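The values are calculated or read from the model by the stated rules, or taken from the named source; none is laboratory data. In this text, all values refer to a predicted model and were calculated from it rather than measured experimentally. Quick reminder, even Gly has a Cβ in these numbers, built from the backbone with ideal geometry, and neighbours come from all protein chains shown.
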Amino acid sequence: MTFIGMISDHKSFENIKEILKKNSRKDISLIHVSKRSISNMKNIRFEMIIIDCLLNEFKEETLIIENMCLHAKYIAINTDINTIIPDIIRNSKAHIITYGLNQKATVTISSITESSILIYLQKSLKNIKGKNIEIGEKMVKVNEEDKLKTYEVLIIYIIFLIESKPIINQVQEKSNFFEKN
């Protein structure tokens with residue numbers, strides 16, 4: 001089982017958790033890390049930490065977040081929100097994956113329409129099985145009923161990349177979130 005800690009607002013967390021559930025991702029445990037819950041997570045070792053909110057909001061909890069990042073294999077951070085990546089994250093041994101709508105992000109978006117998103121992996125990275133994922137673009141058609149935010153799509157995409165799951169084929173079979181191109 002892969003434990004993923006997600007520092008974000010509650011709604012985004014619930015949306016992503018629901019998509020993972022729809023896709024029978026029982027091998028992934030997504031845990032919401034909030035200001036209220038963070039003190040209870042001192043001893044949890046996450047494979048991946050997703051940071052989708054301002055870290056400045058967690059000033060008193062900095063040591064706990066640093067400890068989480070120290071033990072994580074992957075750290076995904078929204079660089080549109082956190083324009084400066086803290087030294088503890090930059091200097092960690094974890095694979096850092098930046099995402100956002102900026103040109104420097106590891107995972108970004110080339111184009112968006114109402115029914116599809118072209119996601120661009122700008123830097124190769126290794127997945128959890130050690131396989132190298134090459135630079136490239138993937139077109140995914142988004143079910144308009146789900147009304148997910150762009151950042152939520154990027155997070156789900158990153159989770160599936162790291163987990164070595166074929167996002168486009170697998171998700172199509174079990175949910176309308178992504179459809180085959």
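Computed values, structure above
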quantity: Only one of A105, A76 that is under 23 Å from I119 (Cα atoms), at pLDDT 95 or above and part of a strand (DSSP E or B); calculated: A76
quantity: Checking K126 against (1) surrounded by fewer than 20 Cβ atoms within 10 Å (Cβ to Cβ); (2) farther than 13 Å from I75 by Cα; (3) at pLDDT 90 or above, the condition it does not meet; calculated: (2)
quantity: Complete set of residues in the range 40-69 that are among the aliphatic types (A, V, I, L, M), in contact (Cβ under 8 Å) with a residue 24 or more places away in the chain and farther than 19 Å from M1 by Cβ; calculated: I51, L54, L55, I64, I65
quantity: Number of positions in the range 137-181 that are modelled with pLDDT of 60 or more, hydroxyl-bearing (S, T, Y) and surrounded by fewer than 19 Cβ atoms within 10 Å (Cβ to Cβ); calculated: 2
quantity: Contacts under 8 angstrom Cβ, first residue in the range 89-111 being among the basic types (K, R), partner in a strand (DSSP E or B) and surrounded by 12 or more Cβ atoms within 10 Å (Cβ to Cβ), 6 or more apart; calculated: R90/I96; K104/T98
quantity: Evaluation of G100 against (1) touching an Asp or Glu at 6+ places or on another chain (Cβ under 9 Å); (2) modelled with pLDDT of 90 or more; (3) on the phi < 0 side of the Ramachandran plot (one fails), failing number; calculated: (3)
quantity: Residues of the range 1-27 that turn out to be in contact with a Phe, Trp or Tyr (Cβ under 8 Å, 6 or more places away or on another chain) and farther than 19 Å from I77 by Cα, as a count; calculated: 3
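Every residue, every condition in (1) under 18 Å from the mean Cα position of the chain (by Cα); (2) not hydrophobic (A, V, I, L, M, F, W, C), yes or no:
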site: F3; (1), (2): yes, no
site: L20; (1), (2): yes, no
site: S39; (1), (2): no, yes
site: I50; (1), (2): yes, no
site: K104; (1), (2): yes, yes
